[in-house]
Amino acid sequence: MKSTEIQQLLNEYPLVKSLIKLEEIFWFNPCNTTFKEGLSFVGLDADDVRDAEARLKRFASYLCKAFPETKATNGIIESEVVAIPAMQKTLKQYYGVDITGKILLKKDSHLPISGSIKARGGIYEVLAHAEKLVLQAGLLSENDDYSKLFSEKFRQFFSQYSIAVGSTGNLGLSIGIISAKLGFNVSVHMSADAREWKKQKLRSHGIKVVEHQQDYGIAVAHGRKEAESDPNCFFIDDENSRTLFLGYSVAGGRVKAQFEQMNIVVDEDHPLFVYLPCGVGGGPGGVAFGLKLAFGDHVHCIFAEPTHSPCMLLGVYTGLHDKISVQDIGIDNVTAADGLAVGRASGFVGRAMERLLDGFYTINDQEMYNLLGLLNRDEGIQLEPSALVGMAGPARVSSNLDYLNNKHLSVEKMKQATHLVWATGGGMVPDDEMTKYLAIAKI
Ligand SMILES: *Cc1c(COP(=O)(O)O)cnc(C)c1O
């Protein structure tokens, strides 16, 4: 971007200055509309999500066999929702804010197979692709028992095909593990910020890992290029994929069912706030879409990003979406939150979802580590840094009277609110890595 263009941007969008200064900010989205109005801009609907849910059900018998750790949930990849009362008390003291209502944690960090939110979208897209291939080849019909796929015959069949993906770590882990299990050849293009243990884990599964010295956008570009030269290679496009998005969106209906079991009410007088860590946007975007379908206007979705990688906030706030990167305004995109180290947001997700999101905020790396340490101390739950960015949400919302007034969220309603912090990763972090994370926390 030219300096004149940046000057113009600063004049028109004053918060860009705070982003450049790496300040923690909270921006409430003025184009937030009702669910009914916003839905038509998504380009997907409840039927698409039902279709994804049905596909995952068809694959459940396969997953049970191929990944015995999914037996407990009958082959459905789902995580627990847990209360974190001790952490809630600590957060009130830490931020000096009265957080009323109840804080819950959605433990996608402990999803089976790959221990992060990517076990939703990433695995779903590989399954959808595999299904398409076997249906086309006439080797399987939708009414068959999909556990048949767990066999040498099908592994042989899939070995004719390959899959490529670019990732900061967790998407590569998810797609690599499921693809290799099915029998695909898979290459994972990892950005510079990807952790060494994630690459090693992939290699131990016999997966080709291509290391890049640049950031996520470049890793994705290399994956895309590799797939273009080979008609049997399928590229999983984290920046634009509707299929990934739908894999994530299934979470909405699942949370609704979990809440019903837990007797948690969400309605006009019992608002639900959900705090979602955002990288390129597919994960939080898809989950938010599913939550909106499940809870309508009673759910308030808020995206959280590192101060060094606020790509979605920047794209939506300026209306430039994927036409601007954080590097364009001089931000380095270097953060301990490797899952969120993305400089340019998905244009698809920003445009599809901007009307359905209440707001965005940024948080600095040290605060993520502090929250990581506090959650470990108070609840014995261990997450990776990316997964902590949502933990600042309840205090940010509870202290923002402008926002609460604007949304007619009275003190009474806030006393009955549910705050759901989406913990997106960390279940597979090796002990020595976790020890290093904990050592950085100042608590
Ligand atoms: C990928 C990831 C996210 C964000 O998902 P996007 O689709 O990139 O926005 C959040 N947390 C963790 C741990 C992740 O790996």
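The values are calculated or read from the model by the stated rules, or taken from the named source; none is laboratory data. If you're wondering where the values come from, they're calculated on a predicted model, not measured in any experiment. Here the Cβ is made from the backbone with ideal geometry for all residues, glycine too, and neighbour counts use every protein chain on show.
Quick notes on this one:
- Within region 411-439, residues that are closer than 17 Å to residue 380 by Cβ and within 14 Å of the ligand (Cβ to nearest atom) reach partners that are hydrophobic (A, V, I, L, M, F, W, C) and part of a loop (DSSP other than H, G, I, E, B) with beta carbons closer than 6 Å, at six or more positions or on different chains, in the pairs 423/383; 426/383.
- The criterion of being away from the ligand (no atom under 16 Å from the Cβ) and either assigned by the TED database to the domain that holds residue 45 or over 16 Å from the mean Cα position of the chain (by Cα) (or both) does not hold for residue 351.
- Of residues in region 306-330 being within 13 Å of the ligand (Cβ to nearest atom) and in contact with a Leu (Cβ under 6 Å, 6 or more places away or on another chain), the one nearest to residue 388 (Cα to Cα): 306
- Condition met for residue 333 (outside the structural domain of residue 167 (by the TED database), in a loop (DSSP other than H, G, I, E, B), more than 16 Å from the chain's Cα centre (by Cα) and within 16 Å of the ligand (Cβ to nearest atom)): yes
- Take the conditions (1) closer than 19 Å to residue 278 by Cα; (2) surrounded by fewer than 17 Cβ atoms within 10 Å (Cβ to Cβ); (3) hydroxyl-bearing (Ser, Thr, Tyr); residue 147 misses just one of them, which is (1).
- Qualifying residues in region 354-370 (those that are farther than 21 Å from residue 193 by Cβ and within 14 Å of the ligand (Cβ to nearest atom)) - the one surrounded by the fewest Cβ atoms within 10 Å (Cβ to Cβ): 360
- Number of residues in region 184-216 that are in contact (Cβ under 8 Å) with a residue 60 or more places away in the chain, surrounded by 20 or more Cβ atoms within 10 Å (Cβ to Cβ) and part of a helix (DSSP H, G or I) equals 2.
- Filtered by the rule that a residue be crowded, with 23+ Cβ neighbours inside 10 Å and either among the hydrophobic types (A, V, I, L, M, F, W, C) or out of contact with any strand residue (DSSP E or B) (no Cβ under 6 Å at 6 or more places or on another chain) (or both), region 371-397 gives 371, 372, 375, 383, 385, 387, 388, 389, 391, 392, 397.
Yes or no, residue by residue, for (1) in the same structural domain as residue 424 (by the TED database); (2) within 16 Å of the ligand (Cβ to nearest atom); (3) in contact with an Asp or Glu (Cβ under 6 Å, 6 or more places away or on another chain):
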| site | (1), (2), (3) |
| --- | --- |
| 145 | no, no, no |
| 164 | no, no, yes |
| 179 | no, no, no |
| 183 | no, no, no |
| 187 | no, no, no |
| 199 | no, yes, no |
| 204 | no, no, no |
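- Selection from region 336-348 of residues that are in a helix (DSSP H, G or I) and within 9 Å of the ligand (Cβ to nearest atom): 338, 339, 340
- Wholly within region 30-110, helices (runs of 4 or more DSSP H) carrying at least 3 residues that are basic (Lys, Arg): 46-66
- Residues that are closer than 16 Å to residue 379 by Cα and within 17 Å of the chain's Cα centre (by Cα) do not occur anywhere in region 58-78.
- Residue in region 297-305 that is assigned to a loop (DSSP other than H, G, I, E, B), in the same structural domain as residue 18 (by the TED database) and modelled with pLDDT of 95 or more present: no
- Filter pass, residue 373 being touching a residue at least 24 places away in the same chain (Cβ under 8 Å) and either within 15 Å of the ligand (Cβ to nearest atom) or in a loop (DSSP other than H, G, I, E, B) (or both): no
- Neighbours by Cβ (under 7 Å, 6+ apart or cross-chain): first from region 128-141, within 23 Å of residue 250 (Cα to Cα); second not aromatic (Phe, Trp, Tyr): 128/55; 128/243; 130/182; 131/55
- Residue in region 60-82 that is in contact with a strand residue (DSSP E or B) (Cβ under 8 Å, 6 or more places away or on another chain) and hydrophobic (A, V, I, L, M, F, W, C) present: yes
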